[in-house]
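Enquirer: Next up is a structure, given as structure tokens.
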Amino acid sequence: METVIAFIIIFGSLVTFHELGHFLFAKRAGIMVREFAVGFGPKILGIRKNETLYTIRLLPLGGYVRMAGEDFDTVQLQPGYRVGLIIGETGEVEKIYLNRNVANPDVLFLETEASDLEKDMFIKGYDDEGQLVRFNVSRKAVIYEKGQETLIAPYDRQFESKSVGQRAMAIFAGPLFNFILAFFIFLAIGLLQGVPTYEPIISEVSSNGPAQEAGMEKGDLVTGVNGTPIETWQEFALVIQENPGMPLQFEVERSGTRQILEVTPKSVTEKGETFGQIGVTYTSPVEKNPLKAVAFGAEQTVTWIKRIFELLGMLVTGQFTIDALSGPVGIYKATEDVAKFGIYSLMNWAAILSINLGIMNLLPLPALDGGRLLFFLFEAIRGKPIDKQKEGMVHFVGIVLLMVLMLVVTWNDIQRFFFSS
């Protein structure tokens with residue numbers, strides 16, 4: 001149950017922050033956001049505030065921001081269609097009923113002759129007395145149909161009315177916010193747990209190892225080797241690994257005094273590779289410094305962005321196969337394993353997942369944010385948008401292929417974690 005809760009909180013947070021990026025930049029561009037949803041499937045909870053419906057849905061494996069003008073959500077009134085209108089005090093239409101049976105004495109019924117609910121904002125038709133009348137439609141008018149109400153979206157509030165740059169930024173903001181979230185998680189780790197200093201301080205010395213035989217002790221600070229300064233544990237470990245069987249002169253500080261110790265790393269062979277060991281262990285000291293925590297957050301974010309791109313490059317070049325990929329089941333299992341090491345490990349894992357989500361969404365594949373950005377690039381180059389039906393077909397095919405990939409990856413995860421011997 002703890003793993004389930006941790007998985008839902010982590011994945012829900014990543015998705016919420018991703019969609020928050022889309023939402024904020026869409027609103028900044030003046031786009032009407034009809035729904036901000038966390039999850040997919042049936043609605044569990046919905047709260048409407050102003051023009052946006054905020055929902056939590058059953059499956060916590062995604063989310064979406066539904067913007068006006070997307071997915072053909074605008075209403076077209078065909079000539080001859082009978083509608084009911086509520087006229088406000090300003091003389092503008094404030095409510096439009098598409099149901100034929102409306103129990104409201106204030107409703108004016110009209111047989112539509114012409115209308116424009118996007119640009120000119122009017123509706124014209126014949127009333128019950130056969131008179132041709134015309135009304136302006138309020139920019140905040142509401143359409144009622146089968147118990148559902150939909151705000152009218154004037155064209156200047158729709159996604160497609162905005163410039164290529166505004167639309168691209170509204171889409172790019174989702175992955176961008178995943179990177180920002182990762183930075184703040186790493187920052188929180190640095191502030192709460194401390195920033196690793198990576199000082200080459202010996203934590204433990206193994207019995208009967210080369211280090212103990214040379215007189216190395218717990219707490220020794222290694223400052224140099226063979227006359228070359230050593231500043232980090234990584235440098236210290238690398239020198240040892242690269243010199244199996246070779247005598248090394250280590251400079252160490254112990255209780256404020258400088259000492260020279262000669263250590264010969266033991267030669268160890270594993271999986272066909274030979275390296276040196278001296279029998280010491282290391283626990284990185286930490287320092288609680290707000291400025292260093294900021295630098296740590298930025299450094300970790302950049303490091304993991306580079307690392308995930310390297311792994312993608314290995315996948316493209318065939319250095320590992322699709323079997324190495326993980327879907328929701330694999331992520332759940334990894335979350336279970338990471339949670340055993342405590343809250344900071346779980347936070348680190350969440351930051352890595354956030355970066356991964358951001359990068360995956362930026363891939364130039366149909367149905368992903370990167371695929372949409374690619375179409376915006378084509379539009380900017382051509383000077384006109386790609387035909388919407390063709391673009392929609394490409395994204396539809398992309399969604400189908402992504403679903404097939406998800407099924408394959410999930411099946412591999414199930415076999416790996418539940419049926420492997």
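Enquirer: Could you tell me whether any residue of the stretch 133-150 is under 27 Å from GLY46 (Cβ atoms), of a type in the set (Phe, Trp, Tyr), modelled with pLDDT of 90 or more and buried (at least 17 other Cβ atoms within 10 Å of the Cβ)?
Expert: No, every residue in the stretch 133-150 fails to be under 27 Å from GLY46 (Cβ atoms), of a type in the set (Phe, Trp, Tyr), modelled with pLDDT of 90 or more and buried (at least 17 other Cβ atoms within 10 Å of the Cβ).
Enquirer: Taking the options PHE159, PHE135, PHE122, PHE183, name whichever one is under 30 Å from ARG307 (Cα atoms) and of a type outside the set (A, V, I, L, M).
Expert: One residue alone meets the criteria, PHE183.
Enquirer: Name every residue in the stretch 17-33 that is touching a residue at least 60 places away in the same chain (Cβ under 8 Å), closer than 18 Å to THR150 by Cβ and within 21 Å of the chain's Cα centre (by Cα), in order of residue number.
Expert: The one that is touching a residue at least 60 places away in the same chain (Cβ under 8 Å), closer than 18 Å to THR150 by Cβ and within 21 Å of the chain's Cα centre (by Cα): ALA26.
Enquirer: Additional query: Check LEU181, LEU191 and return the single one that is open to solvent by 30 Å² or more (accessible area, probe 1.4 Å), more than 30 Å from LYS384 (Cβ to Cβ) and assigned to a helix (DSSP H, G or I).
Expert: LEU191
Enquirer: Count, please, the residues in the stretch 1-44 that happen to be of a type outside the set (A, V, I, L, M, F, W, C) and in a strand (DSSP E or B).
Expert: The qualifying residues number 6.
Enquirer: Residue under question is SER207, and the condition is that it be of a type in the set (Gly, Ala, Ser), open to solvent by 50 Å² or more (accessible area, probe 1.4 Å) and closer than 30 Å to ILE278 by Cβ; does it hold?
Expert: It is true that SER207 is of a type in the set (Gly, Ala, Ser), open to solvent by 50 Å² or more (accessible area, probe 1.4 Å) and closer than 30 Å to ILE278 by Cβ.
Enquirer: Please identify the pairs in which a residue from the stretch 174-191 that is more than 13 Å from GLY21 (Cβ to Cβ) has its Cβ atom under 8 Å from the Cβ atom of a residue that is open to solvent by 50 Å² or more (accessible area, probe 1.4 Å) and among the hydroxyl-bearing types (Ser, Thr, Tyr), counting only partners at least 6 apart or on another chain.
Expert: Qualifying pairs under 8 Å: ILE189/TYR344.
Enquirer: Residues being open to solvent by less than 40 Å² (accessible area, probe 1.4 Å) and within 19 Å of ALA153 (Cβ to Cβ): count how many of those fall in the stretch 87-109.
Expert: Here the count works out to 5.
Enquirer: Determine whether the stretch 389-403 contains at least one residue that is exposed (fewer than 14 other Cβ atoms within 10 Å of the Cβ), at pLDDT 85 or above and of a type in the set (D, E, K, R).
Expert: No, there is no match, as no residue in the stretch 389-403 is exposed (fewer than 14 other Cβ atoms within 10 Å of the Cβ), at pLDDT 85 or above and of a type in the set (D, E, K, R).
Enquirer: For GLU262, work out the one condition from (1) charged (D, E, K, R); (2) surrounded by fewer than 13 Cβ atoms within 10 Å (Cβ to Cβ); (3) more than 17 Å from THR223 (Cβ to Cβ) it doesn't fulfil.
Expert: (3)
Enquirer: Condition first: free of Cβ contacts under 8 Å to residues at least 60 places away in the same chain, closer than 17 Å to TYR282 by Cα, assigned to a loop (DSSP other than H, G, I, E, B) and open to solvent by 40 Å² or more (accessible area, probe 1.4 Å). Can you find one or more residues in the stretch 194-201 that meet it?
Expert: no
Enquirer: Quick check on this structure: which one of GLY279, GLY209, GLY227 is at positive phi and touching a residue at least 40 places away in the same chain (Cβ under 8 Å)?
Expert: GLY279
Enquirer: Next up: Tell me yes or no: at least one residue of the stretch 131-138 is of a type outside the set (A, V, I, L, M, F, W, C) and within 18 Å of MET32 (Cα to Cα).
Expert: Yes, the stretch 131-138 has at least one match.
Enquirer: Can I ask one more? Please enumerate the residues belonging to the stretch 47-80 that are assigned to a loop (DSSP other than H, G, I, E, B) and either under 22 Å from the mean Cα position of the chain (by Cα) or small (Gly, Ala, Ser) (or both).
Expert: Once the filter is applied, which keeps residues that are assigned to a loop (DSSP other than H, G, I, E, B) and either under 22 Å from the mean Cα position of the chain (by Cα) or small (Gly, Ala, Ser) (or both), the stretch 47-80 yields ALA68, GLY69, GLY80.
Enquirer: If you don't mind, there's one more thing I want to ask. Would you mind stating whether PHE36 is under 19 Å from the mean Cα position of the chain (by Cα) and buried (at least 19 other Cβ atoms within 10 Å of the Cβ)?
Expert: Considered against the rule, which asks whether it is under 19 Å from the mean Cα position of the chain (by Cα) and buried (at least 19 other Cβ atoms within 10 Å of the Cβ), PHE36 comes out as yes.
Enquirer: Only one of these conditions is not met by THR112: (1) touching a residue at least 24 places away in the same chain (Cβ under 8 Å); (2) farther than 28 Å from GLY30 by Cα; (3) open to solvent by 40 Å² or more (accessible area, probe 1.4 Å). Which number is it?
Expert: Condition (3) is where THR112 drops out.
Enquirer: Among the residues of the stretch 244-261, write down those that are among the aliphatic types (A, V, I, L, M) and closer than 26 Å to GLU273 by Cβ.
Expert: MET246, LEU248
The values are calculated or read from the model by the stated rules, or taken from the named source; none is laboratory data. All values derive from a computational prediction rather than experimental measurement. Backbone-built Cβ (ideal geometry, glycine too); neighbour counts: all protein chains shown. With ligands, DNA and RNA removed, areas are computed over all heavy atoms of the protein, side chains included. Shrake-Rupley method; radii C 1.70, N 1.55, O 1.52, S 1.80 Å.
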